[in-house]
Amino acid sequence: MSSTNGQTLKVRRVAIDTYRENVAYLHRDCEIYRTEGFQALAKLEVLASDRTQPLLAVLNVVDDTGIVATDEIGLAESAFDQLGLEEGHRCSVSHAEPPPSLEAVRRKIAGEALSGDDFRHIAQDIVGNRYSKPEIAAFLVASVQSGLEREEVLHLCRAMLETGERLRWDEPVVADKHCIGGIPGNRTTMLVVPIVAAHGMFIPKTSSRAITSPAGTADTMAVLAEVDLPPEQLQQVVRRHRGCLAWGGTAKLAPMDDLMISVERPLSIDSPGQMVASILSKKLAAGSTHLLIDIPVGPTAKVRSMADALTLRKLFEYVGDRLGLHIQTVITDALEPIGRGIGPVLEARDVMQVLHNDPEAPQDLRQKSLRLAGRVIEFDPDVRGGQGFTIARDILDSGRALAKMEAIIDAQGRVSQPPAAGRLKQLVTAPRSGWVEGIDNLHMARVARLAGAPMDPGAGVDLLKKLGDRVEQGEPLYEIRADFPADARFASDFVSRATGYTITDRQPVELAANGYRSVATANRED
C-alpha cells in the first residue's frame, strides 16, 4: 500500500447509484492522482484520521470539476453511506492491496476444488467490498465452468451464512417454502405463507428479488406492501402474525448472497451449486428448521429432466442434512406458466383473486398453492400425513388466509397507491386454429422482461390461453403490458418472430381436472 505523504482530500458525495459497488472519483488534475500513479478501475483505500478501517472502492477518473474538484474525492451513494462522514471531511487515499483470496479464485478458474477456508476468505473479502464486480463475476463464472463438488457447495453455504446475521425464534418448528424458479407466474409462496400462518405455524418468509425471471416473490409483494424491513420490524411482524413476506437484503441475512445476485442478474447466471448454497444459507440465516423445496421440471424450465431434478434433490438434502435443516422436496410439473399474470402487478392480481376465492382466479395457481401449503402444514407434529391439503383448503375457503394476508400487509406497511398494469397494450394472436399444445416458459419470461418487468412492476404478460385450450386463427393468446414505448417495441419485435405457443391440429391428452400435475414427490425424514 503506497502513502499519500500526508496529503488529504475533502470527501464529496456524488449522487450516483452504483448498485452495491463502492466507487470513488478523482479528478484527472488531482495532485494525488498524478503523483501516486493511480489508474482508472484501480482499487483505493479511503481512510479518515479518526477511523481504523478504510473504505475500499474502485476508482473512476473524471475531467469535470462540477463532479469532483481537484482537491476532492467523490464517493458514490453506497460508498459515501458506508464511510459515514459528512461532506468536506478530509481523508487520505492510497492504493489497496489485492485481496489474498483472489489466489483461490485463480485456482478455481484452473479447475481446482476449494477448501472451506478458501470459501470463507472469499466470502469475507466480497462482503468487505475488497472485490470489484468483475472479480465477483470471475468467481461466479469459474464456479459454473469448473463446477462445484457437493463438499464445495457445503463450504460455500457455510461461508455465505457466516457473513451476516442469524435470526433466532425459539420455536420448535420454523417453516419455510422455496421454489427454485424458472416458471413464470409461479407465485405460490404468497399464498402458502398466509395459509400456513393462519394455521398457527411460524413461517418468516424472506425472499430474493428476481435474478433471471420477470418477478421474484419480493418484487410481487412490493406491489402490495413494504418489503425492505429492518430486522427489528421483521421480528415484530412475525411474532405478532406468525409470518411475513419480506426481502432478505435489509435483514442482513447472508449478505454475500445479495452481492453475488447483483452480478448474477445481468449475466443471467444461476448455476445449481451456487443456487443451493444461496437458498440454504438464506433459510438458515432466517432461522428456518423445516423447509419445503419445489423443483419444477419441464422442457422449458430451469430443470429439464427427472434425472437432473433427482440430482438437485440429493444436493439439497446433503447440504441441508449437514447443516441441521429438515428438508422435503416436491418435484412438480412445469409444462407451462402458473396462473395468468407474468410480472409483479399481474402476479399480485392473481394472488389476491385466489385469496378472495374469486371465480375468475387461476385454478392452477390455487391448486398448486394448496398442495404445497398442505405439505408445509404437515411439518406440524399434530397433523397426520395426508391431512394437510384439507386443512389448507379449509383455511383458504373460509377467508382466514385472506384475513392473515391483509394483516401481514398492514403490519409490513401497505402501499397506499399500488402500481397499475402497464398502460401500453399489445395483443398477440394465434397464427392458426387448433389446440394449445405447448407454452415456452423461457420465451414468455423473456417477453415479460423485454416489456420491462420486474424493474417496471406493471410490465409483463397476461395469458389468455393455457394448455389444452381451443383457439381460432387471429384469436388473442396473451396481452403484453408495458409502460414505455421502447420496452413495448422490444417485446413486440421479439414476439413477431415467435409467439412462444405451439398449436396443434389434434386435441392434446386431457389435463388433470385440478390443474395441478405433480411429476413426482420425494420426501426425506430426519
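Just so it is clear, none of the values below were taken in a lab; they were calculated from the coordinates. Keep in mind the model is a prediction, meaning the values are calculated, not measured. Note that we place each Cβ from the backbone using ideal geometry, even for glycine, and neighbour counts take in every protein chain shown.
Couple of notes before you dig in:
- Matching helices (runs of 4 or more DSSP H) fully within region 374-468 where at least 1 residues are within 26 Å of the chain's Cα centre (by Cα) and basic (Lys, Arg): 400-412, 441-450
- Identity of the residue in region 309-331, part of a helix (DSSP H, G or I) and within 22 Å of the chain's Cα centre (by Cα), that ends up farthest from SER278 (Cα to Cα): ALA309
- Given (1) surrounded by 18 or more Cβ atoms within 10 Å (Cβ to Cβ); (2) within 31 Å of the chain's Cα centre (by Cα); (3) part of a strand (DSSP E or B), index of the condition ARG13 fails: (1)
- Checking each residue in region 475-489 for being among the aromatic types (Phe, Trp, Tyr) and within 29 Å of SER433 (Cβ to Cβ) picks out only TYR478.
- Boolean, ASP505 is exposed (fewer than 14 other Cβ atoms within 10 Å of the Cβ) and touching a strand residue (DSSP E or B) at 6+ places or on another chain (Cβ under 6 Å): yes
- Whichever residue in region 207-221 is of a type in the set (A, V, I, L, M, F, W, C) and touching a Pro at 6+ places or on another chain (Cβ under 6 Å) and, among such residues, is surrounded by the fewest Cβ atoms within 10 Å (Cβ to Cβ): ALA210
- Selection status of LEU161, in contact with an Asp or Glu (Cβ under 7 Å, 6 or more places away or on another chain) and in a helix (DSSP H, G or I): no
This table checks each residue for (1) over 27 Å from PRO419 (Cα atoms); (2) in contact with a Cys (Cβ under 7 Å, 6 or more places away or on another chain); (3) in contact (Cβ under 8 Å) with a residue 24 or more places away in the chain; (4) not hydrophobic (A, V, I, L, M, F, W, C).
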| site | (1), (2), (3), (4) |
| --- | --- |
| ARG209 | no, no, yes, yes |
| VAL237 | no, yes, yes, no |
| ARG240 | yes, no, yes, yes |
| SER268 | no, no, yes, yes |
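- Tabulated pairs, region 116-128, first closer than 11 Å to ALA104 by Cα, second of a type in the set (Phe, Trp, Tyr), C-beta under 9 angstrom, 6+ apart or interchain: ILE122/TYR131; ILE122/PHE139
- All positions within region 208-260 that are among the β-branched types (Val, Ile, Thr), assigned to a loop (DSSP other than H, G, I, E, B) and either closer than 24 Å to ARG158 by Cβ or out of contact with any strand residue (DSSP E or B) (no Cβ under 8 Å at 6 or more places or on another chain) (or both): ILE211, THR212, VAL223, THR250
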